[in-house]
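A short worksheet on the structure shown next.
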Amino acid sequence: MVTSYRGFTRFNQQRNSQMVGNSSASLPTNKTLLDVIKSLEGVSNETVDRSKTIFFPGDPAERVYLIRRGAVRLSRVYETGEEITVALLRENSLFGVLSLLTGHRSDRFYHAVAFTRVELVAAPATSVRNAIEQDASVGLLLLQGLSSRVLQTETMIETLTHRDMSSRLASFLLVLCRDFGVPGEKGVTIDLRLSHQAIAEAIGSTRVTITRLLGELKSSSLLAIDRKKITIFDPIALAKRFN
Amino acid sequence: MNAERYLNHPTFGMLYLVSPASKGRDVYATLYAQKIFFLVTLQPRGATFEVIPYMDARHYSDMHLSKCKREKSSDMGVWQELFNQTFM
C-alpha cells in the first residue's frame with residue numbers, strides 16, 4: 001500500500017489567497033497537524049504498549065493527544081463493570097480534547113487504552129491555545145483534525161443506528177476497513193486483533209451474537225478470520241449496501 | 001493498471017480506485033459512503049490528493065470507459081463494474 005504524506009488540497013493557492021486575503025492565515029500546505037503539535041511547548045512523545053492505559057476516568061484533563069501510529073480505544077466504564085467503546089481511533093486522530101474546552105479544570109470521564117502498540121504526541125492544552133493565538137494556520141490544522149473526528153463520529157452514529165445487528169456489524173466492519181484496512185491479494189484486512197467481545201462492546205451487542213453473525217458472513221464467503229484479524233474480500237461491494 | 005487498488009488517505013482513511021484520469025493521475029473515492037472523490041498523483045514517497053466534485057469524478061470515469069470501449073480493452077468489465085458501484 002502506498003502511504004500518503006499529505007492531506008487534501010481542497011483549494012488552490014490562488015483561490016485560497018482570495019478567500020483569506022493575508023498570508024499568515026493561508027493554508028499551511030507543507031505543515032501537518034503532527035508537525036504543529038510536535039513543535040508545541042511542553043510536548044512529549046509517548047509509546048504505549050497494547051492494552052496499557054493512556055488516561056483513566058478521573059485523571060485531570062490537561063493534555064491533547066495525536067496518534068502517530070496505532071489505534072486507541074476510548075471507552076466508558078460503568079460501576080457495574082460494563083465497558084462501552086465510544087471510539088476506536090486511527091492514526092492522525094486527535095483525542096483528549098476535553099482539555100481544550102475546560103483547560104485542566106476538569107477530569108477525564110473516558111478511559112483511553114492503547115488498542116495496539118501506540119505512538120503518541122501529547123501537548124499541554126495551554127500550549128495549543130497559545131499556538132492558535134499566535135498563528136492562525138495552527139488553528140486551521142486543528143480545525144481540520146477536529147472536523148475529521150466529527151465526521152468519524154457521525155459515521156459511527158450512522159453505524160449504530162442500524163437496528164438489525166447484521167447490518168450494524170457489516171457497517172462497522174466497513175468503518176474498520178476505512179480506518180485500519182490493509183489491502184492484500186484477497187481483499188482488505190483490518191489490522192487489529194479483534195475479539196468478538198471487543199466488537200460487541202463497540203456496537204452494543206453481545207459476544208454470542210457477534211460470533212453467530214461473523215460465522216454467517218464467513219460461510220457466505222464474504223470474509224475470513226485469521227488469528228483475530230478479519231479480511232473482507234470485497235469491501236466496495238459491502239459499502240454499496242450502505243450507499 | 002499502474003495505480004494501487006486501495007490507498008490510505010491521512011484523514012479519510014481507505015480510498016479505492018475508481019478510474020484512471022488524465023496525466024497519470026487517478027480518481028479515488030472514500031470507501032465509506034463513497035461520496036468524496038480525489039484526483040491522486042502517486043509519487044515515489046506517498047501521494048498527493050486533490051478533492052474533486054462528484055461530476056468531475058464521473059466525467060473522468062466516463063472518458064476512461066469510452067477509451068476502453070474504443071480500444072476493446074480486456075479490463076472493460078472491471079472498470080464498468082467500478083463505475084456502476086460508484087455512480088449508479
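The values are calculated or read from the model by the stated rules, or taken from the named source; none is laboratory data. Source: prediction; values computed, not measured. Quick reminder, even Gly has a Cβ in these numbers, built from the backbone with ideal geometry, and neighbours come from all protein chains shown. Note: areas computed on protein heavy atoms with side chains; ligands, DNA, RNA excluded. Shrake-Rupley method; radii C 1.70, N 1.55, O 1.52, S 1.80 Å.
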Next on the checklist: Restricting to the range A:100-118, name every residue that is out of contact with any strand residue (DSSP E or B) (no Cβ under 9 Å at 6 or more places or on another chain) and over 16 Å from residue A:64 (Cβ atoms).
Outcome noted: none
Item to check | Leading residue by the ranking (surrounded by the fewest Cβ atoms within 10 Å (Cβ to Cβ)) among those in the range B:39-54 that are more than 14 Å from residue B:26 (Cβ to Cβ) and more than 7 Å from chain A (Cβ to nearest Cβ) | outcome: B:44
Checklist entry - Taking the range B:55-88 only, how many residues are at the interface with chain A (Cβ under 10 Å from one of its Cβ atoms) and either over 23 Å from residue A:155 (Cα atoms) or under 14 Å from the mean Cα position of the chain (by Cα) (or both)? => result 5
Checklist entry - Of the residues that make up the range A:95-112, is at least one within 14 Å of another protein chain (Cβ to nearest Cβ) and either part of a strand (DSSP E or B) or surrounded by fewer than 20 Cβ atoms within 10 Å (Cβ to Cβ) (or both)? => result no
Next on the checklist: Tell me whether the range A:69-80 contains one or more residues that are touching a helix residue (DSSP H, G or I) at 6+ places or on another chain (Cβ under 7 Å) and in contact (Cβ under 8 Å) with a residue 12 or more places away in the chain.
Outcome noted: yes
Item to check | Of the criteria (1) facing chain A (nearest Cβ under 8 Å); (2) farther than 14 Å from residue A:236 by Cα; (3) open to solvent by 10 Å² or more (accessible area, probe 1.4 Å), which one residue B:5 fails | outcome: (2)
